[in-house]
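Worksheet: one structure, shown below.
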Amino acid sequence: MWDLAEDKHSIKLIESFLAAGKPIGIVCHSTGALHHVKTPDGKPLVQGKEVTGFTNGEEEAVGLTKVVPFLVEDEMLKLGAIFSKTANWTPHVVSDGLLITGQNPHSSGPAAKTLMAAVKQKATGVTARAS
């Protein structure tokens, strides 16, 4: 979260994947990497999108609310996202278009399965149109 949220290469990589129609999977604090990602028209990528990530409650539970550069939940809400969450430490995955987000480390497996299904669907769709 400290590095990727501010890294211009990371931001451009995420923007290029989405522009190319490739799904993106992000879990836990890495939702913070969307902090500066924009749509082609310059709006925050997460504006109006349903996302999840490490919640304020989870951050408080681990005692790091004053350590992290920003709280993922607060930042996503500030950027206009629709932030979805469940109880602390519960696996939770949200898909909105090409963006797949997981709430916490327990969401990693389900998020990976959701991402792989999206990749497979994309590949199948491309193959079906080509034939």
Roughly how many debye, to the nearest 20, is the charge dipole of the chain about its Cα centre, given +1 on each Lys and Arg Cβ, -1 on each Asp and Glu Cβ, and no other charges?
640 debye
Measuring from label point to label point, each 7 Å out along Cα→Cβ, what is the ASP3 to ALA117 span in nm?
3.2 nm
Among residues other than ILE11 whose Cβ falls under 15 Å from its Cβ, what is the net charge (Lys/Arg +1, Asp/Glu -1)?
-1
Provide the net charge surrounding LEU45, with neighbours chosen by a C-beta distance below 14 Å and charges set as Lys +1, Arg +1, Asp -1, Glu -1.
+1
Sorted from largest down, give the three principal axis spans of the alpha carbons of the chain, whole angstrom values.
55, 31, 23
So how do PHE54, PHE83 line up by other beta-carbon neighbours within 10 Å, fewest first?
PHE83, PHE54
Mind telling me which of ALA117, ALA20, ALA81 comes out most flexible in a GNM of the chain, alpha-carbon contacts under 10 Å?
ALA20
Set Lys and Arg Cβ to +1 and Asp and Glu Cβ to -1, take the dipole of the chain about its Cα centre, and tell me which of ALA81, LEU13, LEU71 lies farthest positive.
LEU13
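Read-outs throughout are calculated quantities, based only on the coordinates presented, and are distinct from any laboratory measurement. This structure is a prediction, so every number in the text was calculated from the model and none was measured. Heads up, the Cβs are rebuilt from the backbone with ideal geometry, glycines too, and the neighbour counts pull from every protein chain shown.
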